[in-house]
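Peer 1: Here it is, the structure, as structure tokens.
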Amino acid sequence: MNRYLLPVMVFVLIVAVLAWGLAHDPRKLSSPLIGKPLPAFDAPRLLRPEQQITHKDLLGRAGLVNVWASWCAACRQEHPVLVAFSRQHRFPVYGLNYKDRREDARRWLDALGNPYRAVITDPRGMIGIDWGVYGVPETFVIDKRGIIRHKHIGPLTDKVMRDTILPLLDKLEAE
Amino acid sequence: MHWRAITLLLLATIWAMPATAAEKMVQFDTPGQEQRYYRLIDQLRCLVCQNQNIADSNADLARDLRRIVQNKIRRGESDRQILDYLVARYGDFVLYNPRLKPATWLLWFGPFVLLIIAVLILLRIIRHRQDTVVSLSNDDERRIEELLKRDHRS
């Protein structure tokens, strides 16, 4: 009995480590920017190009900053979730239009609805690099002081909104 | 007929060449800068296609990062500054050669810890075997001697 104990324990340990590894999606990397302010930016708005928008315009309320592009298929998938969320008028949603053409982005919002309070344009993807964006869509949750508190990689779903994003936003708004 | 097809194929490959060459147009002031560039992009991970470095990857983001590395080198930034810039945005995961710090201790020292454990187990097994061979009572030894003597006489 005793002579089998150690090998069995080692086996169980290896299985546990491998199972833990399998359960984690390697594409979802935690961002080093969590806990830090959203990096500074100053860019024209999508629908009002004559106006600039900066990181200071996002201060004061907890909210979402959603990185999207019209060429991104997964963005199309998550878009109804964002539209439904914005209709509740509970928290502001900002957009970062990443590596996109202005006309394409506008057409997309006309066709699918505009959930954004304002859209930051980033045609060359330079703001995206400052934010550590590596795959659209990505969504940042920021608090009232503009600190990044959470980052969701991949399309938002009703379940993610209900279980993670909304409880966090409620908490941040109460802070 | 065959020859014509082969000639056409060869011509096609020649025409296709400038397309691949265009991407490699990287200009530096000194050969040293160029060397640093290739060394850096070789050890940076492409986050979109995670098992490639940004030197090999054709992903959009990899191209952007190559351009950023190139500009920073030309502006005279040190390797350390460039790597810090990327780690601040994408985390340690961008480095194929991770830095030594508490979060990466397991990564760096884990294999050696496993090796030590394995050697310890091996030593224990060897010692255990020796013990079982040597442990003979006095009675047993006397009997062996007698048997051996009897063997010699016969």
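Peer 1: If a residue has to be polar (S, T, N, Q), touching a residue at least 40 places away in the same chain (Cβ under 8 Å) and assigned to a helix (DSSP H, G or I) to count, how many in the range A:146-164 make the cut?
Peer 2: 0
Peer 1: Something else about it: Counting just the residues of the range B:83-96 that are surrounded by fewer than 19 Cβ atoms within 10 Å (Cβ to Cβ) and without any contact (Cβ under 8 Å) to a residue 24 or more places away in the chain, which one comes out nearest to the other protein chains (Cβ to nearest Cβ)?
Peer 2: The extreme case among them is B:Gly91.
Peer 1: Can you list the strands (runs of 3 or more DSSP E) lying wholly within the range A:6-108 that have 1 or more residues being closer than 17 Å to A:Pro137 by Cα, in contact with a helix residue (DSSP H, G or I) (Cβ under 8 Å, 6 or more places away or on another chain) and in contact (Cβ under 8 Å) with a residue 24 or more places away in the chain?
Peer 2: The qualifying strands (runs of 3 or more DSSP E) are A:63-68, A:93-98.
Peer 1: Let me ask you something else. Tell me which residues, restricted to the range A:116-130, are in a loop (DSSP other than H, G, I, E, B), surrounded by fewer than 22 Cβ atoms within 10 Å (Cβ to Cβ) and more than 14 Å from chain B (Cβ to nearest Cβ).
Peer 2: A:Arg117, the sole residue that qualifies.
Peer 1: Also: Here is a check on your reading of the model: is B:Asn58 in the same structural domain as B:Gln27 (by TED's automatic domain parsing), loosely packed, with under 11 Cβ neighbours inside 10 Å and at pLDDT below 90?
Peer 2: no
Peer 1: Same structure, new question: For A:Val10, only one of the following conditions fails: (1) more than 14 Å from chain B (Cβ to nearest Cβ); (2) modelled with pLDDT under 95. What is its number?
Peer 2: (1)
Peer 1: Additional query: Within the range A:139-167, which residues are open to solvent by less than 20 Å² (accessible area, probe 1.4 Å) and under 22 Å from A:Asp57 (Cα atoms)?
Peer 2: A:Thr139, A:Phe140, A:Val141, A:Ile142, A:Asp143, A:Gly146, A:Ile148, A:Ile165 - these are the residues of the range A:139-167 that are open to solvent by less than 20 Å² (accessible area, probe 1.4 Å) and under 22 Å from A:Asp57 (Cα atoms).
Peer 1: Let me ask something additional. Just checking, which of A:Leu64, A:Leu46, A:Leu38 is open to solvent by less than 20 Å² (accessible area, probe 1.4 Å), closer than 23 Å to A:Lys144 by Cβ and away from chain B (no Cβ under 14 Å)?
Peer 2: Sole residue among the options that is open to solvent by less than 20 Å² (accessible area, probe 1.4 Å), closer than 23 Å to A:Lys144 by Cβ and away from chain B (no Cβ under 14 Å): A:Leu64.
Peer 1: Could you pull out the residue among B:Arg99, B:Arg39, B:Arg80, B:Arg63 that is open to solvent by 40 Å² or more (accessible area, probe 1.4 Å), at pLDDT 85 or above, within 14 Å of chain A (Cβ to nearest Cβ) and not in a strand (DSSP E or B)?
Peer 2: Of B:Arg99, B:Arg39, B:Arg80, B:Arg63, the one residue that is open to solvent by 40 Å² or more (accessible area, probe 1.4 Å), at pLDDT 85 or above, within 14 Å of chain A (Cβ to nearest Cβ) and not in a strand (DSSP E or B) is B:Arg63.
Peer 1: Going through B:Leu122, B:Leu107 one at a time, which residue ends up being in contact with a Pro (Cβ under 8 Å, 6 or more places away or on another chain), away from chain A (no Cβ under 11 Å), open to solvent by 60 Å² or more (accessible area, probe 1.4 Å) and in a helix (DSSP H, G or I)?
Peer 2: B:Leu107
The values are calculated or read from the model by the stated rules, or taken from the named source; none is laboratory data. Note that the structure is a prediction, hence the values are computed from the model and not measured. Cβ atoms come from the backbone with ideal geometry, glycine included; neighbour counts cover every protein chain shown. Ligands, DNA and RNA are stripped out before the accessible areas are found, and what is left, the full protein with its side chains, is counted by its heavy atoms. Shrake-Rupley method; radii C 1.70, N 1.55, O 1.52, S 1.80 Å.
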